[in-house]
Amino acid sequence: MVKEATVDSNKVEINSPPTGMQVVFREFRKDRLAMFSLISLVLVIVGVFIWAWLIDQEALMRVSLRDKYAEPGEKFFLGADLGGKDILGQLVIGARNSIAIAIAITIITVTFGIIVGLVCGYFGGWIDNMFMRIIDFFITIPSLMVIIVFVTIIPKYTVKEFILIMSLFLWTSTARLVRSKALSESRRDYVNASKTMGTPGILIIFKEIMPNLSSILIVELTLSFAGNVGIETGLSYLGFGLPPQTPSLGTLVSYANNPLVLQEKWWVWIPAAIFILLMMLGINYVGQALRRSADAKQRLG
Amino acid sequence: MNKKLWGLLALLLAFMLVLAACSSDGEETTGTDDGTKTEEATPEEGTEEGTEGEAEEPVAEDSDALFPLAIENDGEAISGGTLKVALSKDEPFQGIFSYVLYEDAYDDEIMKYASNSLFETDGDFLLTDEGIASIEVDQDNNKVLVKIREGVKWSDGEPLKIEDLIQPYLIIGHKDYTGVRYDVDFQNIIGAVEYHDGKADTISGLKKIDETTLEMSFNKLSPAIFSGGDGLWTYAEPSHMIKDIPIAELVESDAVRKNPVTLGAFKIDKIVPGESVQLVANEHFWKGKPKLDGVLVKVVPTSSISVALKQGEYDVAISFNASKMEEIKDADNMDVLGRQELYYSYLGFKLGKYDYENNVVVTDIEGSKTGDVKLRQAMGYALDVEQVAEVFYNNLRERANSLIPPVFASFYDASLEGYTYDPDKAAALLDEAGFKDVDGDGIREDKAGKPLEIKFATMAGDDIAEDITQFYLQNWKDVGLNVTLTTGRTIEFNSFYDKVQADDPEIDIFMAAWGTGTNPSPAGLYSKTAEYNFSRYSSDFLEETLTNIDSPKAFDADYRAKEFRAWQEYMVEQAPIIPTMYRYELVPVNKRVKNWSIDYTNESHSNLQDVELVSDTGVKSSK
Amino acid sequence: MWKIIVRRVLIMIPQLFVLSLLIFILAKQLPGDPFTGLLTPDTDPNRIEELRELAGLNDPWYVQYVNWIGNAAQGDFGKSYTYKIKVSTLIGEKALNTFWLSLVSAIILYLIAIPLGVLAGRYQDTIFDKIIVFYSFVTYAIPTFVLALIFLFIFGYQLHWFPTVGSVDVKYDPGTAGYFWSKLYHMLLPAITTAILGTTSVIQYLRSEIIDAKSLDYVRTARSKGIPVNKVYSRHIFRNSLLPIAAFLGFTITGLLVGSIFIETIFGYPGMGQLFISSLLSRDYSVITALVMLFGLLALLGSLLSDIIMSIVDPRIRIE
C-alpha cells in the first residue's frame, strides 16, 4: 500500500522539473519520526513475512490441551490460547495474513476507486452518471449484511474469497469521496486554465488534480488498512470470520469476546491489538510525510 | 521519538488500569484445570444422581458430588420480593406463551413460572398423581382416563374445566394449525385425522365423562403413554379465553402474546417484547399463593452474564453455558447447581442412505468407507474424549458410554464399557482389520492398500468447538488415520444438518448431538423408517429390539428395561453411532435465594410457591 | 431542487428492485431453511415436510419471488417464520430502537469529533494535535466489542451508572414520560461507546482539510487583510472544511445503523442488527429480506441527504 502511494507520487513528480524521488527522500530526512516509522514498517513487514515463512503452521496449530491458557514464560514467549497454541507464532502468521489481506484489498479498492472517482469527477456527463448509478446501487447494498450472507453461502471460504468479497463492496466509498473532491477541484481556475491551454484530460487528472487530492487519499489509505483489519475482527467476533485454522489479527483480538480472556488472559488479545495500533500509527506518519512531499506548500524542507 | 514511546507506555498503562478495574482477580488463575472441583459441592442432596452412583457407573462416579442439586439457605426470609431470572442468550426471545404454539425452548423457560402443566413427573419422567391431573390407563381397550383435581383455578379466577383439557387438542388437530405438534403421535388419538381433514367438528376419541374426568381413546397404546407420549397432551389451555379466536390468528393474539391466562404460581404482568417479562404472584395458584411478590425474567447477553451474576444482578441464570463456569468459579455470592442433561453427543458413521421415496433406511455396509466394525470401534477408542471433557469443559461433560443418558435411571445401562480412550487398542483393532501403513508415511491405507481418507463433518460453534475438532483430528492421526474435514472447515448448523440429512457423499463420519426429551424411546432416532436415523444403520435384530421396547408387552417395566439394555449393548457393539459425551446443565443461584432445586424429581419450578429470598438485593461477590 | 429530489427518489425504485432480486436469491442460497432448526427427536420429519410445503418453500424460487415481491409492493412483507408475527410489526419495534440509538450516537459523535478535528488541524504538529491524532487511532484500533465490554463492566455493572441490558425497563407503560426517559437512559451507554469509536474518520478528514485550507489563497488573502485568526477559522476555513464531513453525514448515519450489529449484541439492545443476525441463523427468510431492503432504503436516503447537504454547504456543486 505504501508502495502504491509512492508510485503515484512518482508519476506526479516525473514531469515536474526539479526533484522527483529526491523530494520524498528530503522530506523523510527532515522528519525523523516518519523515517523511523518507514524503516520500522518495512522491517516489520519483511520480518513478519520471513518469520511466518519459517514457521511450521501445522505444528503451530496443533492443539495441546495441557497448555490451555499457558501464561507468557519460557515455553511460550507470549503465552498460549485456549487450545494451548502459541500466541507469538499465531501473531506472526496472523500479522502476515492480515497485512497481505489488507494490502490486497487496499490496492484493489483504492486503485479502482481513484480511477473511477477521478474520471467521473473530471469528465462529468454521462460517464459520471453511469458510474454514479452503479455506485449508488452498491451503496444501497448494506455491505456488512450481504458480506455475512455471502460468507454463509460460499462453501469454501478462504483468504482469497475474503479479499474478493470485501473488495467488491469497499471500492465505492473511495470512488465517491474522490469524485466529490475532484468535482470541486475541476471547477477551479487552474484546471480551467490548463484546459484552455489544451492540456489532455488524462494529464490534467494525474498531474494537476491528483496531487491536490493526495492528502485526502492518504487519510483514506491509512484508514482503509485499519478498517479492513477492523471489519475482519468484527466478522470474527460475530462468527463469520476467516476459518480458525487461518490465524489472523482479527481472530486473535476477537478472543477478547470472552470476558475471561478480556480480563485475565490478556496475552491472548492485547499483543494483536497493539500490533494493529502500531501499524496504523506507522502508516499514518509515513503517510503524512508522503503527503507533504506531494504538496509543495507543506514541505518541511 | 522518546516522547512517543512514553505516550505508548502511558496508553498501555491506562489500558491495564482499565482492565484491572473491571477484572476481579488477575492472579489466582493458575491451575485452572483442577479449580472446578468446587468445595461447595454438598453431597447430601442428589437423590437421583445417587441412584446412578449406586449402579457403579465408572465415569459418572466421581462427578456425582460435583454439584449440588438444591440449596436451602438458613437465612431469615424477607416477605415478598422479586426473583430476578437471567435468560442467558444473545437474541431476543420469541414470546409465544402457549404450549401448543411455542417453538423456542426459551419461551418454555419463561412459561415455567406460569406453567399450564397438568402433570408432575418422577425420576424417569413418568407421570405421577401429584399434579393437577392424573391418568388411569386401560391397556386392553386402548383407553386413558384423565382426572383433574377439584377447585383448581386459572389465574383470572375461572375454574379449570375438562373443556380446557380438550382445547389444546382442538388447536393442534385443526387444519389451520401450523405448528410441529400435529404428528404421528397425535394422529394416534381416535378421530384426530377426521377432525384435521374437516370431516368432524370435534375429536371423537375425546369424551367428557363428568366435570373432572376426560376419557381418551387411542388406536394403540405403548409404555410411552406414561411419559406423556402416544398423543397424550400434558398441558391445559384456557378455553374461556381462546376458544373464539380463529386458530390461524391465535399465535398473534394478545391471549398468547401479552396476557396469557395460566395455571402456574405466577402470572404474566408486563412484557417488553424480546427483552423482559414481569410476572406477579398468582393468588389462585392451586398449591397456595407464592411467598414471592413476583419474578422478573430478562435476556442477558452471554458476553456479560458472568459479570452480571458476580454483581448479584440476578438470582438465577437459565441456559448458563458450562464453558463460562471458569468465569464464575471464584465468586462467593452464588451456589452453582448442576444436573445431568437429557443429552448426548455422538460420533456417527454413514453406513447407508435414506430412501426418501419409500421412507426407509437402506443400509449398505459394504459400500461405506467405515463399513468395517473394527474400524468404527478403533475410531471410538482413538478419541481422547476424557481429556476434552476435563480440560475444555472442566469436567462439566463426561465420556458417554451409552445412547441413553444416565438420568433415565431405570433404562440406562451403567455396566457398559463404552469407548474409553485407548489408542493402543485402536491401533491393534486397525491392524487386526487389515488397515496397515503400507507405504510407511505414518498413515494407514485401507485393506486393499489404497490410501484411505475419511471425511469428517462437524458443526461450527464457539472457539472451543474449533479447537476440539482439531484435537480429534490429531487423535485419529495419532493412530494413523487420515481424517479430514468435509468442507475443509467446521460447518454451520443449518448446512450441517442439510448435508447429513441428504446423505452427502462427502460425509463418511459426523459428530452431532441429540437432546433426547423425556420420552426415552429410541425408535424415532434409530428405527428403519426414521429419517433421523442419520447413520442409516439398520438390522433385523435392531428393528426387533426397538419394536419390543414400545410393544404392549413392555408395559412390564422389567421387560422394557431388559430390552433397553439389549439395545444399548447392541449399539455399542456394532458402533454405528458412538456416544461421546454427556453434558451437565449448570444453574447459578444467588445466595439470597432460599429453597431452590433443579432436581428432576423435585424441581423448584413445580413448587415455586415455596421459594423465598433472604435479602432485598442480590449478594455481590467479594472477589 | 425539489424536482431533482423527486427524480432521485424515483430512481430509487429500480435500485431497490434489483436489490430485492439479489437478496432474495442470496437468501434462498443459504443452506437449510426455517424448519431445519426444529429438528429434535420429538418432532415428526413428515410434519416438518408438510409445513415446508404449506409455507411454499418447495416452489421454484421465481414463483416464491413473484409472490413475495407482489405482496411486498403492497407493504406486506409476510410473517416471520420464527417469531410468527408480521414482519412489519417485528421490524417496526426494533427499527425504532436502532434508529434512535444511531441518531443519539451520531449527535454525540459529532459533538466529540468536530471540536477535536478543528483543534488538531488548527494547532497542527503541537502536542495537542499529536494527542488527538493518537486518540483517534487508538479508538480505531480498539475493536468495538472490547471497548463496549469494558464500558459495560465498569459503568454498567461496577458503578451502576447505566442500565446493563435491554432497551427499556419493563415497569413503565409505553407512552408515559417514564417510558421515554427509560428508553433514552438505556440508549446512552451504547451510544457513547459507538460515538467514541466512530470519531476517527471525522477527526482525520477535518484535520487534514483544515491543514490544507490554511495554505489556500482565500485564507491567505483573508489573513493579509488583517482579519483576526479566530474569525478566519470560524468564517472561512471551518465552512469549507465541513464539506467532506457533510458529504459523509448521511453515510455516517447509515454506517451507524449497520454498525449497530456489534453494539446491540453486546448490550442486549434489541434492534435491527441483533435481529438480522438471529434471523440469519434461523433462516428466517422473510425477516432477512425485509431487513436488507430496509437498510438499502435507508442507505439511499442517507446518500440523498448527503448530496442535499453538500449542495447547501458548497453551492458550486449542484445535485444531479
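If the requirement is being free of Cβ contacts under 8 Å to residues at least 12 places away in the same chain, more than 8 Å from chain B (Cβ to nearest Cβ) and either of a type in the set (S, T, N, Q) or closer than 30 Å to residue B:521 by Cα (or both), which of these qualifies: C:15, C:29? I'd like the intermediate steps shown before the answer.
On the way: C:15 fails: free of Cβ contacts under 8 Å to residues at least 12 places away in the same chain.
Going through C:15, C:29 in turn, the sole match is C:29.
Return the total of residues in the stretch B:97-142 being among the acidic types (Asp, Glu) and under 20 Å from residue B:262 (Cα atoms). Lay out the reasoning, then the answer.
Filtering the stretch B:97-142 for residues among the acidic types (Asp, Glu) gives B:103-104, B:107-109, B:120, B:122, B:124, B:129-130, B:136, B:138, B:140.
From what is left, the residues that are under 20 Å from residue B:262 (Cα atoms) are B:103-104, B:107-109, B:120, B:130.
The qualifying residues number 7.
Within the stretch B:220-230, identify whether any single residue is in contact (Cβ under 8 Å) with a residue 24 or more places away in the chain and of a type in the set (Asp, Glu), and answer yes or no.
Step one: of the stretch B:220-230, the residues in contact (Cβ under 8 Å) with a residue 24 or more places away in the chain are B:220-230.
Now drop any that are not of a type in the set (Asp, Glu), which leaves B:230.
Yes.
Which residue out of B:482, B:475 is assigned by TED's automatic domain parsing to the domain that holds residue B:441, at pLDDT 90 or above, over 16 Å from residue B:347 (Cβ atoms) and not basic (Lys, Arg)? Even if it seems obvious, please write down each step before you answer.
Numbers: B:475 fails: over 16 Å from residue B:347 (Cβ atoms).
Criteria check complete, one pass: B:482.
List, please: which pairs have Cβ atoms under 9 Å, are six or more places apart or on different chains, and start with a residue in the stretch B:566-577 that is part of a helix (DSSP H, G or I) and end with one that is of a type in the set (D, E, K, R) and at pLDDT 90 or above?
B:574/B:376
Out of the stretch B:94-136, which residues are within 18 Å of the chain's Cα centre (by Cα), more than 14 Å from every other protein chain (Cβ to nearest Cβ) and aliphatic (A, V, I, L, M)?
Passing the criteria: B:111, B:126.
Here are some residues: B:516, B:529. Which one is touching a residue at least 40 places away in the same chain (Cβ under 8 Å), buried (at least 19 other Cβ atoms within 10 Å of the Cβ) and of a type in the set (Val, Ile, Thr)? Spell out how you get there, then give the answer.
On the way: B:529 fails: buried (at least 19 other Cβ atoms within 10 Å of the Cβ).
Going through B:516, B:529 in turn, the sole match is B:516.
Please go through the stretch A:70-107 and give me each residue that is farther than 20 Å from residue A:261 by Cα and more than 28 Å from the chain's Cα centre (by Cα), ordered by number.
A:74
Filter the stretch C:113-160 down to residues that are in contact (Cβ under 8 Å) with a residue 24 or more places away in the chain and not in a helix (DSSP H, G or I) and give me whichever is nearest to the other protein chains (Cβ to nearest Cβ).
Applying the filter and picking the extreme gives C:142.
Out of the stretch B:161-202, which residues are among the hydrophobic types (A, V, I, L, M, F, W, C), touching a Leu at 6+ places or on another chain (Cβ under 7 Å) and part of a loop (DSSP other than H, G, I, E, B)?
B:180 - this is the single residue of the stretch B:161-202 that is among the hydrophobic types (A, V, I, L, M, F, W, C), touching a Leu at 6+ places or on another chain (Cβ under 7 Å) and part of a loop (DSSP other than H, G, I, E, B).
Return yes or no: is residue B:109 surrounded by fewer than 20 Cβ atoms within 10 Å (Cβ to Cβ) and part of a helix (DSSP H, G or I)?
On the way: surrounded by fewer than 20 Cβ atoms within 10 Å (Cβ to Cβ): yes; part of a helix (DSSP H, G or I): yes.
So residue B:109 passes the test.
Please go through the stretch B:286-304 and give me each residue that is more than 10 Å from every other protein chain (Cβ to nearest Cβ) and touching a strand residue (DSSP E or B) at 6+ places or on another chain (Cβ under 8 Å), ordered by number. Even if it seems obvious, please write down each step before you answer.
Of the residues in the stretch B:286-304, the ones more than 10 Å from every other protein chain (Cβ to nearest Cβ) are B:286-295.
Answer for the stretch B:286-304, where residues must be more than 10 Å from every other protein chain (Cβ to nearest Cβ) and touching a strand residue (DSSP E or B) at 6+ places or on another chain (Cβ under 8 Å): B:286, B:289, B:290, B:291, B:292, B:293, B:294, B:295.
Please determine, by comparing only the residues of the stretch B:470-493 that are outside any loop (DSSP other than H, G, I, E, B) and in contact with a Leu (Cβ under 7 Å, 6 or more places away or on another chain), which one is nearest to the other protein chains (Cβ to nearest Cβ). I'd like the intermediate steps shown before the answer.
Taking the stretch B:470-493 and keeping what is outside any loop (DSSP other than H, G, I, E, B), we get B:470-478, B:482-485, B:491, B:493.
Restricting the remaining residues to those that are in contact with a Leu (Cβ under 7 Å, 6 or more places away or on another chain) gives B:471-472, B:475, B:482-483.
Working: B:471: 4, B:472: 9, B:475: 10, B:482: 14, B:483: 14 Å.
Among those that are outside any loop (DSSP other than H, G, I, E, B) and in contact with a Leu (Cβ under 7 Å, 6 or more places away or on another chain), it is B:471.
Only one of (1) at the interface with chain B (Cβ under 9 Å from one of its Cβ atoms); (2) crowded, with 19+ Cβ neighbours inside 10 Å; (3) within 30 Å of the chain's Cα centre (by Cα) is not met by residue C:35, so which one is it?
Among (1) at the interface with chain B (Cβ under 9 Å from one of its Cβ atoms); (2) crowded, with 19+ Cβ neighbours inside 10 Å; (3) within 30 Å of the chain's Cα centre (by Cα), the lone unmet condition for residue C:35 is (3).
Does the stretch B:541-557 contain at least one residue that is polar (S, T, N, Q), surrounded by fewer than 22 Cβ atoms within 10 Å (Cβ to Cβ), touching a helix residue (DSSP H, G or I) at 6+ places or on another chain (Cβ under 6 Å) and over 23 Å from residue B:401 (Cβ atoms)?
Scanning the stretch B:541-557, I find no residue that is polar (S, T, N, Q), surrounded by fewer than 22 Cβ atoms within 10 Å (Cβ to Cβ), touching a helix residue (DSSP H, G or I) at 6+ places or on another chain (Cβ under 6 Å) and over 23 Å from residue B:401 (Cβ atoms), so the answer is no.
Taking residue C:187 as meeting all but one of (1) at the interface with chain A (Cβ under 10 Å from one of its Cβ atoms); (2) of a type outside the set (Val, Ile, Thr); (3) touching a residue at least 12 places away in the same chain (Cβ under 8 Å); (4) touching a Phe, Trp or Tyr at 6+ places or on another chain (Cβ under 9 Å), write down the number of the exception.
Looking at each condition in turn, residue C:187 falls short on (1).
Which count do you get for residues in the stretch B:144-164 that are in contact with a helix residue (DSSP H, G or I) (Cβ under 9 Å, 6 or more places away or on another chain) and hydrophobic (A, V, I, L, M, F, W, C)? Show your work before the answer.
Step one: filter the stretch B:144-164 for residues in contact with a helix residue (DSSP H, G or I) (Cβ under 9 Å, 6 or more places away or on another chain), giving B:144, B:146, B:148, B:154-156, B:158, B:161, B:163-164.
The next check asks that each one be hydrophobic (A, V, I, L, M, F, W, C); those that pass are B:144, B:146, B:148, B:154.
Adding up the residues that qualify gives 4.
Considering only the stretch A:46-76, state which residues are within 14 Å of another protein chain (Cβ to nearest Cβ) and touching a Lys or Arg at 6+ places or on another chain (Cβ under 8 Å).
If the condition is that a residue be within 14 Å of another protein chain (Cβ to nearest Cβ) and touching a Lys or Arg at 6+ places or on another chain (Cβ under 8 Å), then A:60, A:61, A:62, A:63, A:64, A:67, A:69 are the ones that fit.
Which of the residues spanning the stretch B:585-603 are part of a loop (DSSP other than H, G, I, E, B) and touching a residue at least 40 places away in the same chain (Cβ under 8 Å)?
Within the stretch B:585-603, the first condition is being part of a loop (DSSP other than H, G, I, E, B), and the residues that meet it are B:591-592, B:595, B:598-603.
Of everything in the stretch B:585-603, those that are part of a loop (DSSP other than H, G, I, E, B) and touching a residue at least 40 places away in the same chain (Cβ under 8 Å) turn out to be B:591, B:592, B:595, B:598, B:599, B:600, B:601, B:602.
If residue B:215 satisfies all but one of (1) surrounded by 20 or more Cβ atoms within 10 Å (Cβ to Cβ); (2) in contact with a Lys or Arg (Cβ under 8 Å, 6 or more places away or on another chain); (3) of a type outside the set (Ser, Thr, Tyr); (4) not in a loop (DSSP other than H, G, I, E, B), what's the number of the condition it fails?
It fails just one condition, (1).
Of the residues B:110, B:71, B:135, which is β-branched (Val, Ile, Thr), at pLDDT 80 or above and farther than 30 Å from residue B:394 by Cα?
B:135
The values are calculated or read from the model by the stated rules, or taken from the named source; none is laboratory data. Predicted, not measured: the structure shown is a model, and the values here were computed from it. Using ideal geometry, Cβ is built from the backbone for each residue, glycine included, and neighbour counts are taken over all protein chains shown.
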